[in-house]
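Notes follow the structure.
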Amino acid sequence: MTQETKIDAKSAADARPPAIEMDSINTWFGDFHALKNVNLRVDLGERIVICGPSGSGKSTLIRCINQLETARDGTIRINGTALAQDASGARAARQEIGMVFQQFNLFPHMTVLENCTLGPIKVAGKPKAEAEKIARAYLDRVRIPEQADKYPAQLSGGQQQRVAIARALCMQPRIMLFDEPTSALDPEMVKEVLDTMIDLAKDGMTMICVTHEMGFARSVADRVIFMDHGEIIEENSPELFFKAPKSRRTKDFLGQLI
Amino acid sequence: MIRDYGLNEFFFIATAIQWTLALSLIAFGGGILGGLIIALMRVADAKPFRWFALGFIRFFQGTPLLMQLFVAYFGMAIIGLPTNPWIAAAVALTLHASAFLGEIWRGCIEAVPAGQREASTALSFSYWVRMRYVILPQAARIAVAPTTGFLVQLIKATSLASIIGFTELTRAGQIISNATFKPFIVISTVAVFYFLLCWPLSLLASRMEQRFSRATTR
């Protein structure tokens, strides 16, 4: 309750619409009810971590935000505008939203630089030289400027994921979605990716991260959301979430992590 | 009058290879263009395109090529065009190749990992940008071997055009066989010519398949 009033006061103060507003979202895969009446509101600049057991609907939730999955009912607003169902409307909304995947999904037949410039050139219509300048700036920011001319297969997993982050940033999105960005990485590479994400958070990017990295949640998140069986079970500040979880299921989940 | 099977007759058959090759190349060239359109429609976001492509493929896969040749040949007369075996054979084989290549390439497009499509969508690429720059370059690598394999099938399939009076390799063989009454030796000659056309292509296809499987199992 206090959480809600705090957010309301904050958004009223800067009079901007929330970055993301999801209102009673329901999603089905065949007979499987993947998201059950989900409500979520994310303000500009907020960092949200979503956790929960596998199959709980975390990925589905963030994939609904950029319409990789379609919600059967409910409404989603991005920066105050309701998501359009038609293809061009969906594309316009996606330009505001960057996404990073568990499996990186880099384009294997293109160099790192080409991966990063394809969107700015073909979608945003930027000249090649300008797109490359932007791409090099972001590659610098994720600390792999020297890999620009290599192919994804020549890079380590951690480097590939940082390229994926740079590629998403090159579209200059206002919101970044992370779908288990460190789950496919060898342990020694997790930190370099998390550090990149922490940098991004410090710059005020609106971020929604599905992750099991509880250290990251503790140090970066404004709010932690726990999901189970397609429902949001608990929503709290990281201190309270880890110290005094409200629900039994959250306690069980946190117990299993350690 | 019965002719002997001599050098003249042999060269008559040999020169007909050019018509088999010409018809194969026309059908293959047209099939590449048509197949690309059918494959792209088959994986389009809009349902009407997908349905049209599916119907087209099902029709040409579900009816004999011989019947398709007859329909093209006699269909020309019905719509008031002069019947021409060249055009009828070229049209029928092109449509046939379009359907089969379309279905082969649909498989290749779908073999590109789903994550590539998702990443393109998340970067708000249009269907064209996604296909042209992300999906098709990766699908093309997978497609080279089965496409070469289909070309072998297509060369052999042109033999059916002999039935509507198109004088290619098989028809030339029939003419000589009827004149010399030596069907076994004549048809064997024809078979050897087909083999010489197809075998190098088969070798090429299997070599490319091996190279591809090595490249992907790594």
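Comparing A:216, A:71, A:95 along the charge dipole axis of chain A, the residue lying farthest to the positive side is A:95, per the Cβ-charge model.
Can you tell me the FRET efficiency between residue B:67 and residue B:126 if r is taken as the Cβ-Cβ distance and R0 is 45 Å, rounded to the nearest 0.05? E(calc), rounded to 0.05, equals 0.70.
Using the Karplus relation 6.51 cos²θ - 1.76 cosθ + 1.60 with θ = phi - 60°, the per-residue 3J(HN,Hα) values for segment B:117-126 come to 5, 5, 4, 4, 5, 5, 7, 6, 5, 6 Hz, with x marking Gly and Pro. Residue by residue, segment B:4-17 carries 3J(HN,Hα) couplings of 7, 8, x, 4, 4, 5, 4, 5, 4, 5, 4, 5, 6, 4 Hz when phi is fed to the Karplus relation 6.51 cos²θ - 1.76 cosθ + 1.60 (θ = phi - 60°); x denotes Gly or Pro. Extension gain, residue A:86-residue A:199: 0.36 nm per intervening residue step, less the Cα-Cα distance, totals 37.2 nm. Classify chain B as rounded, prolate or oblate, taking a ≥ b ≥ c as the square roots of the eigenvalues of its Cα gyration tensor: rounded when a/c is under 1.5, otherwise prolate if a/b is larger than b/c and oblate if not. Note, shape of chain B comes out oblate.
Applying 1/(1 + (r/R0)^6) with r as the Cβ-Cβ distance of residue B:192 and residue B:86 and R0 = 25 angstrom yields a FRET efficiency of 0.45. When the Cα gyration tensor is reduced to axis lengths a ≥ b ≥ c, the ratio a/c is 1.5 or higher for the protein assembly as shown, and with a/b above b/c it is classed as prolate.
Extents of segment A:62-154, largest first, come to 46, 29, 23 Å (Cα atoms, principal axes, whole angstrom).
With the biggest extent put first, the Cα atoms of chain A measure 51, 43, 42 Å across the principal axes. For residue B:47 and residue A:137, the FRET efficiency from 1/(1 + (r/R0)^6), where r spans their Cβ atoms and R0 equals 51 Å, is about 0.75. Starting from the Cα of residue B:207, move 7 Å in the Cα-to-Cβ direction to define the label point; list residues of segment B:130-151 whose amide nitrogen is under 19 Å from there. Taking a point 7 Å out along Cα→Cβ of residue B:207, the residues of segment B:130-151 whose backbone N falls under 19 Å are B:141-151.
The mean of 1/r over all pairs of different alpha-carbon atoms in segment A:126-258, once inverted, gives a Kirkwood hydrodynamic radius of 16.4 Å. Pairs of lysines in chain A whose Cα atoms sit within less than 19 Å of one another amount to 8, provided the residues are eight or more positions apart or on different chains. Selection among B:35, B:146, B:107 by position relative to the dipole of segment B:17-166 gives B:107 as farthest towards the positive end (Cβ unit charges, Cα centre).
Each reported figure results from applying straightforward, stated rules to the coordinates on display, with no laboratory input. Quantities reported herein were computed from a predicted structural model and do not represent experimental measurements. Positions of Cβ are generated from backbone atoms using ideal geometry, with glycine treated the same way; all protein chains shown enter the neighbour counts.
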